[in-house]
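Everything below concerns the one structure shown next.
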Amino acid sequence: MSGLLAPLAHGPRRTGLAVRVVAAVAFVAGGLLVVWSSYIHFHLWQRVGYRRIPTIGSLFLLQAGAGLVLGLLIIAVHRVWTAVLGVGFAAATLIGYVISVGHGLFGFKDSTQAPFATEALVLEIATMVVLIVAGALCFAGSAPPTSAGTSPPAATSVGA
């Protein structure tokens, strides 16, 4: 991968050991959070009756399947691009919920009192935070080294 997309291929191996370990833990935690979100959506689809809601039911099943695959990919790959996909996935899920509660979506208006609503809201926000941290840690300490003997320009004083 080259050009502007090259940073998306960064992984935690470009950093020091401590940062690599924390990044790996963040990727696994973020992936598990995405899988957890997919489980909640599948449970709502299967057991709570969301499958009977036109369009919304299909979207819940799609979210459950895609979330499972994406969560496992995040856990396995540990790259910035997987973190970006995970953040986007969580954000899209959160935005869909907010729109559904506030205005309705595809003819269905959800409620903050719906089963797992609060848990899912917190879960999506936590997913975004953890995966942003995971992605950012891939860049920590990975700045190109400066050549030996090069120092920053000297500061100048004004009015000396």
Problem set entry | Hey, SER38 crowded, with 20+ Cβ neighbours inside 10 Å and polar (S, T, N, Q) or not | yes
Seminar exercise, completed: Restricting attention to region 36-69, the residues that are of a type outside the set (A, V, I, L, M, F, W, C), in a helix (DSSP H, G or I) and free of Cβ contacts under 8 Å to residues at least 24 places away in the same chain number exactly 7
For this session: Name the one entry in LEU44, LEU59, LEU85 that is aliphatic (A, V, I, L, M) and either surrounded by fewer than 18 Cβ atoms within 10 Å (Cβ to Cβ) or under 19 Å from MET128 (Cβ atoms) (or both).
Result: LEU85
Exercise. Within the bounds of region 10-23, is there any residue that is within 21 Å of GLY67 (Cβ to Cβ) and either crowded, with 17+ Cβ neighbours inside 10 Å or in contact (Cβ under 8 Å) with a residue 40 or more places away in the chain (or both)?
Worked result: no
Exercise. Any chance region 83-104 includes a residue that's within 9 Å of the chain's Cα centre (by Cα) and of a type in the set (Val, Ile, Thr)?
Worked result: yes
For this session: Mind telling me which of the residues LEU33, LEU72 ends up being in contact (Cβ under 8 Å) with a residue 12 or more places away in the chain, aliphatic (A, V, I, L, M) and surrounded by fewer than 18 Cβ atoms within 10 Å (Cβ to Cβ)?
Result: LEU72
Seminar exercise, completed: Of the residues in region 83-117, those that are out of contact with any strand residue (DSSP E or B) (no Cβ under 7 Å at 6 or more places or on another chain) and assigned to a helix (DSSP H, G or I) number 18
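Just so you know, all these numbers are worked out from the coordinates, no wet-lab data involved. Because the structure is predicted, anything quoted here is derived from the model rather than measured. Counting neighbours? That spans all protein chains shown, and the Cβs are built from the backbone with ideal geometry, glycine included.
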